[in-house]
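Computed from the coordinates by the stated procedures, all read-outs in this text should not be read as laboratory data. Values in this document were obtained by computation on a predicted structure and should not be read as measured data. A quick note on method: Cβ atoms are made from the backbone with ideal geometry, for glycine too, and the neighbour counts reach across all protein chains shown.
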Amino acid sequence: MTAEPTSVLAEADALELLGRGRIEIEGRLVDASNTTLRAEISLDGLTRRCVYKPVRGERPLWDFPDGTLAGREVSAYLVSRATGWDLVPPTILRDGPLGPGALQLWIDEPEEVPGLIGFVPAYDVPPGWIPVAAARDDDGDAFALAHADDPRLARLALFDAVINNADRKGGHVLYPATGGLHGVDHGVSFHVENKLRTVLWGWTGRPLPGEGTAVLTRLGEQLVGPLGAALEEHLTVAEVQHVGLRVKRLLRADRFPQPPTDWPAIPWPPI
């Protein structure tokens, strides 16, 4: 059976499919540092692709000794769902062919999709884009790492500040045919120390958008209720508490955060 496009699948149906579907592994995504498999998942005649990240394929990280990377992937989805911004594809934790792991709906991108993040000539930054860092190629030509001043990216930047994402590369942003935007690969998020590392620094110090304040307020309320309880299934109590602390700090400052001074601010490679 040929996998159908994922863009028309409702969230509730996607979660049902991920939770109960039969998984058939297609192959490994070789660029990933941990075992990351693409698979087809089928239920009652419906077939989609998904990404399967088994816990047994995770490499130990000295600074993330607790829990699993898969649990952090699921936690990122739970926070995304609570924002209402649909930033992370449906993701669950379940048994698969290689044991328990994170299962995330595969996102198809159109063949010709305009990216919103990249390296551009330093003298020719596109209108409406924000330079983030300077760079040079092997020939010494000047380039800028930049991103579009796009509200979808701004939401993602705020989301990353909440979950303390230590690895927001340009390649971790997907552009589905629906016109939305998805972030993926959140296994190194939710640390209690400030480890925010991202290519989305263009709004540094700028005021939060009005909807951002409302969403953060709602998140804070949910963190002391169902959302906090759901996160504690995958994170330590301290990590969940620090999500709430970051939300409070963002609300108090009412501005996008500043880059860290004791931690690389931009992941490598950036794209």
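Report the local net charge at Phe119: Lys and Arg +1, Asp and Glu -1, summed over other residues whose C-beta lies under 12 Å from its C-beta. It works out to a net charge of -2.
The mean sequence separation of alpha-carbon pairs under 8 Å and at least six residues apart, normalised by the residue count of the chain, gives a relative contact order of 18 percent. Specify whether the C-alpha gyration tensor of segment 141-253 places it in the rounded, prolate or oblate class, a ≥ b ≥ c being the square roots of the eigenvalues: rounded for a/c under 1.5, otherwise prolate if a/b is larger than b/c and oblate if not. Verdict is prolate for segment 141-253. If you average the alpha carbon positions of segment 169-245 and of segment 247-271, how far apart do those two centres end up, in angstrom? Their Cα centres are 12 Å away from one another.
Give the longest segment of the chain that steers clear of chymotrypsin sites (Phe, Trp or Tyr not before Pro) in DSSP loops with at most 11 neighbouring Cβ atoms within 10 Å, not counting the sites themselves. It runs 124-271.
Mean separation of Cα pairs under 8 Å and 6 or more residues apart, divided by the residue count, gives segment 11-105 a relative contact order of 28 percent. FRET efficiency for the pair Asp150 and Ala10, taken as 1/(1 + (r/R0)^6) with r the Cβ-Cβ distance and R0 = 41 Å, rounds to 0.95.
Rounded to whole numbers, the Karplus 3J(HN,Hα) couplings from phi for segment 255-262 are 9, 5, x, 8, x, x, 9, 10 Hz, using 6.51 cos²θ - 1.76 cosθ + 1.60 with θ = phi - 60°, and x at Gly and Pro.
Taking other residues whose beta carbon is less than 13 angstrom from the beta carbon of Pro100, and scoring Lys, Arg as +1 and Asp, Glu as -1, yields -1.
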